[in-house]
Structure formats: structure tokens, C-alpha cells
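Coordinate-derived values only; no laboratory data. Being a predicted model, the structure only gives us computed values, none of them experimental. Backbone-built Cβ (ideal geometry, glycine too); neighbour counts: all protein chains shown.
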Amino acid sequence: MNEERTSIHGQWSSKFAFILAATGCAVGLGNIWKFPYITGENGGGAFVIIYLICIVLMGLPVMIAEVLLGRRGKHSPINSMRYIAQEESASRWWQLIGWSGVVAGFIILSYYSVIAGWSLAYIPIMAEGTFNVVQSLSSPEAVKQFAQNNFATLISNPITLIGWHTAFMAVTIIMVSGGVKGGLERAVQFMMPALFVLLLVLLGYAISTGDYFIKGVEFLFRVDFEALFYPNCTPDSCEFSGRGVLVAMGQAFFTLSLGMGSIMVYGAYLSQKTSIAKTTAVVVAADTMIAILAGLIIFPIVFSNQLAPGAGPGLVFQTLPIAFGQMPWGTFFGTLFFILLAFAAWSSSISIAEPVVSWLVEATSLSRRVLCIFVGFLAWFIGLITVFSFNIWSEVKPLSNFTMFENSTLFDLLDFLTVNIMLPLGGLAMAIFVAWVMRSRSVTQELKTTESSVLYRLWLFALRFITPLGVGLVFLNAIGVFS
Ligand code: PFF
């Protein structure tokens, strides 16, 4: 029985420590870097609505399921799934959930580290006061050019990018080596509140842009489905695309770190006493709030500087430095912001590495430290693909024959494969396992509820029907079945 099983990796010291760690895992580049730029690329409000619907109807239920699996298994995702499948007399193949998480984890960690490296690169750029000159530039056009050039100079240099990527990965590995409580729990306890306070300061700045703030709010919340479904309209042709919906669903899974075992392994370190549903709801709410906050900060700055909302992955790195360059104490806040962004990224990257590392610890007799170095090196090496996608391989577009991937670089494809395909499928498999395969007695026992509870029934309904239907429809839509 699971009561007798204990985690060999340790346990969170309290419920609050779990909430902070899981929030640290969820809140990261996905909220501050990715959410604004994909919202910009997909036309704004309609995309945000689809994203929020996915969070409530799929993200929250699947997250509860994933934490539940972790706490019941108390091991790495691969072994947790193995034990639980055995106990529930289900097929051994359910372990594949853990394996697919390992593959997705390597790929995500590899590019996550490169992008987080950009954040590290901007720390000295801001500290040197580079962006203070924007105050003396005469036109918005000149300001925009300045920000774009700065970013382009960074990403066009593979050596610089490799340097920052190496630094980020090295620190990730050191933190993961320290284990569950080590430095990690303590770091997260300070960094998450600090990031939140700084975001509020930036919101104050965004509000001070007046009309542009209103334009930003409108962009985020005015629902215009044409902008979502017909993104590439020219005066003579308009082609339907379901891709935006797939991206919104993928983002719901990515931002909550679902479908690849990170949240499962964090659940494995959770005390048996804690309520899974309540703690999970807090994490989902915090994550969603921070993404919306990032959008409210970034779009007013985009509009007030005539930047394009669809600028792509460089959006945050081009917009925020302009704002810092114009505000009092900007050098200080700018430097602090990129430091905190790097910390938010670290508190996520450690969770991406943990499923693989915990499995290797269980499966081999090597020390955690040696295994971390191995995992880090492999992910670092795969990360070179992402580094080169922004410079020497920027014209390598292997799937350019397909309209949907016409402009996709290798980085875009890796991102698409993991976030839009592997995470939703992983989440779907977990939902099916918990809701259809596990005995309801095991599930209610873990959730400390009864089968007659209304909330339990709603949750089960979401897992049984909404998640499979949602993931299925979105895939069919994306491959063009409805167009
Ligand atoms: N949720 C993280 C973010 O929004 O940046 C990224 C992430 C972490 C994805 C852990 C997947 C994962 F397993």
C-alpha cells in the first residue's frame, strides 16, 4: 500500500513549501516571456479566452491528477506509474507516461536554458545603463530600432549565447544536486515574493502610460476571433488556421508544467496530510495571475513605443528595457528584473530536470551529483540546436513545405513538438489513467473525499470527458480537419 511507501528523495518541509516550490515550478519563462509573445502573435483577446478556458477545464483538473499520481507513487514518474499500475492491476505500459516525460524533459530543459541565458545576458546590459540613452532619442522609431538592434546583436552571436546557456545550466545542475530541501526551498521562498512585488511596480509604470495602458488592456481582453483564426490575412486572401487554439492549449499545459512528470515528482515529495485540491488551486491561480500581469505590463509598452505585438520570442527583451530606460531608478529596477526572471526560470528548470534525475537515482547506484552532471551535459548539448536556430541555422526550416511550419526554425519545431504535442498527450494519458483506470476508492482516498462530493464529481467529469474531448478536438482542428 502506498502508506508504507516513502520517498527516498526527501519531503517538502511544509504545505507552504510545496505551494511555493510548485508555484516556482509553474511560474517561469512561460508566464513572462512566452505568454505575452504568443498572445501577440495570435491576435490578443480571443487567444487569451481560449487559454483561460483551457486552464480551468483542463489545466486545473489534470494538475490535481498529476499531483495525486506523484503522491501515491512517491517515486520518479517512471517508477510511480509502474507501482500504481501494478496496484491497480493495470498494464505496465502506463509507465510510458514517465518515459515520454523524460524525452520531453530533455528537450524542454535544453531550450529553456538558452532562453533563460538571454535573461542572464540582459543583467549586465541593464546594469551598465545601456538603455538610459532612449530618453535622448528623438523618435519612437529610433527607440524601437535601438531595442531591436540590441537584441539582434545578442542572438546573432552563438558564442555569447553558448556562454550564458552554459552558466544557466551549470547553476541548474548545482541546485538539483542539492536535493529537495537543499538550497532550493530557501531560494524559492525569497525569490517568488520578490518577483511578484517587482511585477506590481512595473504594472504601476504600465498604468502611467495612460491611453496606451487602455490599449494594452483592450488588446488582451477584447475578444476578436477573426484575429485568432485568420492570422495571415492579406487584402486578397484569408486562410483559416486552427494553430492558435492548439498553441493556447499547449500553453495551458506548459505554463502549469503539466504532462511530463515535473508536477508528479513534486507531488511525490508532498506529505500525506496535505490537501491536494486546495494547494493545487492556489498554484493555478498564482500562475494565471502572473501571466495576465505580465501581459498587462508588456502590451502598453509595446503600443507606446510602436513595437509590433507579434514580434515573437524577442518581445519581452525588446519592450521592457525601453520602459526601464525611461523610468526613474530604471537601471536598478531593470537589473533586478532580469535577475528575478532568471530566478523564476531556475525554479522551473530544476523541476524540469528532477523527473529524470530522480529516476536515475532510483535506477543506478551512482551519486545524485554525478547523475545531475550527466543530465545537465546532455541537455546542454541538445541546447546547441536552439542556440544555432537564432543565428547560423536561422534559415534551416526543415518543414517549410507545410504551410503551418513555413517559417519554423529548429527551435520552433522542438518547442512545438514538446509543448503542443507531447505535454497535452502526456496530460491526457494521466487524466485517462486517473479517471478511467484507477479504482475510485484509491482516488478518493488520496483526495480525502467521497464519491458523492459535488466537487469530486465535477473534477472527474472534467478528466473523463472534457480533457479527452478538448485535446482531441484541438488536435483535429490543428491538422485542418475542420477547415
Ligand atoms: N511552467 C514553466 C514555465 O511556465 O516557464 C515551464 C515548465 C516547467 C514546463 C516544468 C514544463 C515543466 F515540466
*Relative exposure of Asp415, Asp224, judged by other C-beta atoms within 10 Å (fewest first)*: Asp224, Asp415
*Return the whole-Å distance between the Cα centroid of the stretch 327-355 and the Cα centroid of the stretch 1-80.*
19 Å
*Based on the Cβ-Cβ distance from Ile382 to Phe465, what FRET efficiency comes out when R0 is 60 Å, to the nearest 0.05?*
0.95
*Would you kindly enumerate the cysteines in the chain that have no other Cys beta-carbon under 4.7 Å from their beta-carbon?*
Cys25, Cys54, Cys372
*Taking the C-alpha atoms of the stretch 318-452, how large are the radius of gyration and the largest Cα-Cα span, Dmax, in Å?*
21.5, 59
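Of all alpha-carbon pairs in the stretch 103-146, indicate the percentage at a distance above 15 angstrom.
Values: 574 of 946 pairs.
For the stretch 103-146, the share of Cα pairs beyond 15 Å comes to 61 percent.
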*Between the DSSP loop rule and a limit of at most 11 other Cβ atoms within 10 Å, which GluC sites (Glu not before Pro) in the stretch 94-198 are left?*
Glu128
*asked:* On C-alpha positions alone, give me the angle between the axis of helix 140-155 and the longest principal axis of the chain, in degrees, nearest 10.
replied: 50 degrees
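Net charge near Asp412, counting Lys/Arg +1 and Asp/Glu -1 over other residues with Cβ under 14 Å of its Cβ?
The answer is -1.
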*Find the all-direction average of the projected area of the Cα convex hull for the stretch 191-282, expressing the result in square nanometres with one decimal place.*
9.7 nm²
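Using +1 on the beta carbon of Lys and Arg, -1 on that of Asp and Glu, and nothing else charged, what's the dipole of the chain about the Cα centre, debye to 20?
1480 debye
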_What whole-number distance in Å separates the alpha-carbon centres of the stretch 204-240 and the stretch 248-318?_
20 Å
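What does the charge add up to near Glu451, with Lys and Arg as +1, Asp and Glu as -1, over the other residues with Cβ less than 9 Å from its Cβ? Let's see the in-between values first.
Numbers: positive: Arg441, Arg457; negative: none.
Around Glu451, the charge tally is +2.
With a cap of 16 neighbouring Cβ atoms within 10 Å, and only residues DSSP puts in a loop, list the trypsin sites (Lys or Arg not before Pro) found in the stretch 212-313. If you can, show how the numbers build up before the last one.
Working: sites: Lys215, Arg222, Arg243, Lys273, Lys278; in loops: Arg222, Lys273.
The qualifying sites are Arg222, Lys273.
What's the extension gain from Arg368 to Trp329 if we count 0.36 nm per residue and subtract their Cα-Cα distance? Provide the component values of the computation, followed by the final result.
Numbers: separation 39, 0.36 × 39 = 14.04 nm, distance 4.27 nm.
In short, 9.8 nm is gained.
Divide the volume of the convex hull of the Cα atoms of the stretch 348-392 by its number of residues and quote the answer in cubic angstrom per residue.
On the way: hull volume 3.0 nm³, N = 45.
Convex hull of Cα atoms, per residue: 67 Å³.
Can you give the FRET efficiency for Asn157 and Met289, using 1/(1 + (r/R0)^6), R0 = 35 Å, r = Cβ-Cβ distance, to the nearest 0.05?
On the way: r = 36 Å, r/R0 = 1.02.
About 0.45, to the nearest 0.05.
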_Ranking request for peptides 374-380, 69-75: highest mean number of other beta-carbon atoms within 10 Å first, then the rest in descending order._
69-75, 374-380
*Viscosity 1.567 mPa s, temperature 4 °C: Stokes-Einstein D of the stretch 54-152 from its Kirkwood Cα radius, in µm² per second?*
73 µm²/s
*Dividing the Cα convex hull volume of the chain by residue count, how many Å³ per residue is that?*
141 Å³
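Once you have the Cα-Cα distance between Leu96 and Thr6, take 0.36 nm times their residue separation minus that, and quote the gain in nm to one decimal. All intermediate terms of the calculation are to be shown ahead of the outcome.
Values: separation 90, 0.36 × 90 = 32.40 nm, distance 2.25 nm.
So the extension gain works out to 30.2 nm.
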_Set the bar at 18 Å for Cα to Cα. Now go through Lys273/Lys448; Lys34/Lys397; Lys181/Lys278; Lys74/Lys273; Lys15/Lys448; Lys34/Lys278 and name every pair that lies beyond it._
Lys34/Lys397; Lys181/Lys278; Lys34/Lys278
*Could you pull out the chymotrypsin sites (Phe, Trp or Tyr not before Pro) across the stretch 209-252 that fall in loop regions by DSSP (anything but H, G, I, E, B) with no more than 15 other Cβ atoms inside 10 Å?*
Phe240
*Between rounded, prolate and oblate, where does the stretch 86-241 land on the alpha carbon gyration tensor, with a ≥ b ≥ c its root eigenvalues, rounded for a/c under 1.5, else prolate if a/b exceeds b/c?*
oblate
_Can you tally the net charge around Arg439? Count Lys and Arg as +1, Asp and Glu as -1, for every other residue whose Cβ sits under 12 Å from the Cβ of Arg439._
-2
